[in-house]
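The values are calculated or read from the model by the stated rules, or taken from the named source; none is laboratory data. Bear in mind that the values here come from a model prediction, so they are computed numbers and not experimental data. Ideal geometry is used to build each Cβ from the backbone, glycine not excepted, and the neighbour counts take in all protein chains shown. With ligands, DNA and RNA removed, areas are computed over all heavy atoms of the protein, side chains included. Shrake-Rupley method; radii C 1.70, N 1.55, O 1.52, S 1.80 Å.
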Amino acid sequence: MAITRDEADRLLATIGTVYDRLATAMYAVDSHPTLTYLRAAMYTGRTNQMREAVLFDVGVMWAQFTTIGDILEQARALRTQFRPSDARWIDLDRLLAGPVVAVDNAGLPVTVSLTAGQRGGNTSGAAFIASDPSSAAGSPGPGRIVGAVRVGDLAMGLQTRCAAATRRLEETGRAANAAAAAVAGLTASMTALSDLARGLGDDGAVAPLEQRTALLREQVLSDPLTYAPSGVAAAEIQREAAELAADLATATARLRTESGLRDSYPTRIAALLADVDVLAEEEAETAAAFARATEKIASPGLPPPPDSAAVLRNRIGELDGLHAQQQWRRLADDAATVRAATDRAIERARELRAAADGLVARRDELRGRLDGYRAKAATYHLDEHDDLGGLHVQARTLLYTAPCDLSAATKAVVAYQTTLAGLLGAGPITGGNEAT
């Protein structure tokens, strides 16, 4: 039994309402930024699989939407032209309530047909050819017909497809944004580094870093669903990005050093020369301390006096040639080496001066200790004791003879101290220090 006029109007209204919603939903899918992103380039891995699936599915969805629209248009025309008593009313019944849409195994409408016996010719409209799901998205080729559905069911199913497609696009969009964020900083750093290198005429110095950056960008951006799933960069990508960022920072710091040295060369050289002047003063004071120690201490065991200032002045002079040749990398290395050598030489000169002064200070300390022990002996009327008298003369002679045999003098002071302690019968003198 054919549908009534009221039933036809209700179905037309329901399908029309759904169709209007579908128009909005399809526009949202087709204009989604992530769909534009997927259409714009080729991808790899999971993202490529997603791309092919989504683009194919969008094609199926548009075919279904078009089919629904065509059927709705035909049904409205039939509803306007015929009455339930007309023979052609059965065509309206079949369009609205019958399984008139044949679909393939991907859901693509293949044909829209009415049953044989239609009157007045073919009102089925054009046939719709499916794309082969096994081929690339958008390539023509019919799939295997698996059945027929009613237009209302096709419309409801398309709503579900639209929602699913939107979710997939959102998921892919989050991954794409995370992937872009993971390499954005690296890209900016690499660009700045390349500009620095180009300005120094040393592009080759950063070529390996450019290659690493490009490879990581290509890896991540070509397959964000693998390397930034759920909108978070994978741990391995975070690790690689961190290592590359550190290397870029190191290279950038180096090139900035080269650039800074190039731009402020006179000032830098003046500072180096000033440091060498300080070194020359330190070495002069050290040489004087060596002379005092050699005069006052026998066999002081000191190395030759340091004399690095002259050598470093010559090395600074050689930097001018590198500057003239614009060999910025070597200039920065050599300038850094000269600065480090100057700092070490200043520190070494101070250490040697302290060692030389320490020898004389040790002699003076022994003199003070001997006087202290002598005063202690006098307190107990032992200063003229036979055992102490000779030891005091021996120690004093050694300490006041130039150059002083510091080792022998130390032993003589210890001998005096030990003998005095024995005479007092109280062990080592309180507050006394064992000489070494």
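Largest mean-square fluctuation among A309, A324, A163, in a Gaussian network model of the chain whose springs join Cα atoms under 10 Å apart, belongs to A324. Remark: the range 89-102, residue by residue, has Karplus-estimated 3J(HN,Hα) of 4, 5, 5, 5, 4, 5, 5, 8, 10, x, x, 8, 9, 7 Hz, where x stands for each Gly or Pro and the curve is 6.51 cos²θ - 1.76 cosθ + 1.60 at θ = phi - 60°. Couplings 3J(HN,Hα) for the range 374-379, derived from phi with the Karplus relation 6.51 cos²θ - 1.76 cosθ + 1.60 (θ = phi - 60°), are 4, 5, 4, 5, 5, 4 Hz, where x marks Gly and Pro. Computed from the alpha carbon atoms alone, the convex hull of the range 32-112 holds 102 Å³ per residue. Scanning residues 5 or more positions from D383 or on other chains, those with amide H under 5 Å from its amide H are A378, with H placed 1.01 Å from N in the peptide plane. So, in Å, what gap is there between the alpha-carbon centers of the range 165-181 and the range 266-289? What the calculation gives is 63 Å, centre to centre. Counting only Cα atoms, the range 158-266 measures 74, 22, 19 Å along its principal axes, largest extent leading. Among R46, R88, R144, the order of accessible area from largest down is R144, R46, R88, computed with a 1.4 Å probe on protein heavy atoms. Computed from the C-beta positions of R344 and E365 and an R0 of 41 Å, the FRET efficiency is 0.85 to the nearest 0.05. In this simple spin-label approximation, R256 and A402 carry label points 7 Å from Cα along the Cα→Cβ vector, and these lie 5.6 nm apart. Only one of (1) 156, 63, 31; (2) 70, 46, 40; (3) 131, 58, 40 was calculated from the structure for Cα extents along the principal axes in Å, and its label is (1).
Taken per residue, the accessible surface of the chain reaches 51 Å², heavy atoms only and a 1.4 Å probe. Taking the helices alone, the chain has a mean residue ellipticity at 222 nm of -25000 deg cm²/dmol, built from -39,500 (n - 2.57) per DSSP H run of at least 4 residues and averaged over all its residues. Report in % the part of the accessible area of the chain that belongs to carbon and sulfur, leaving out ligands and nucleic acids; probe 1.4 Å. Result for the chain: 54 percent of the exposed heavy-atom area is carbon or sulfur.
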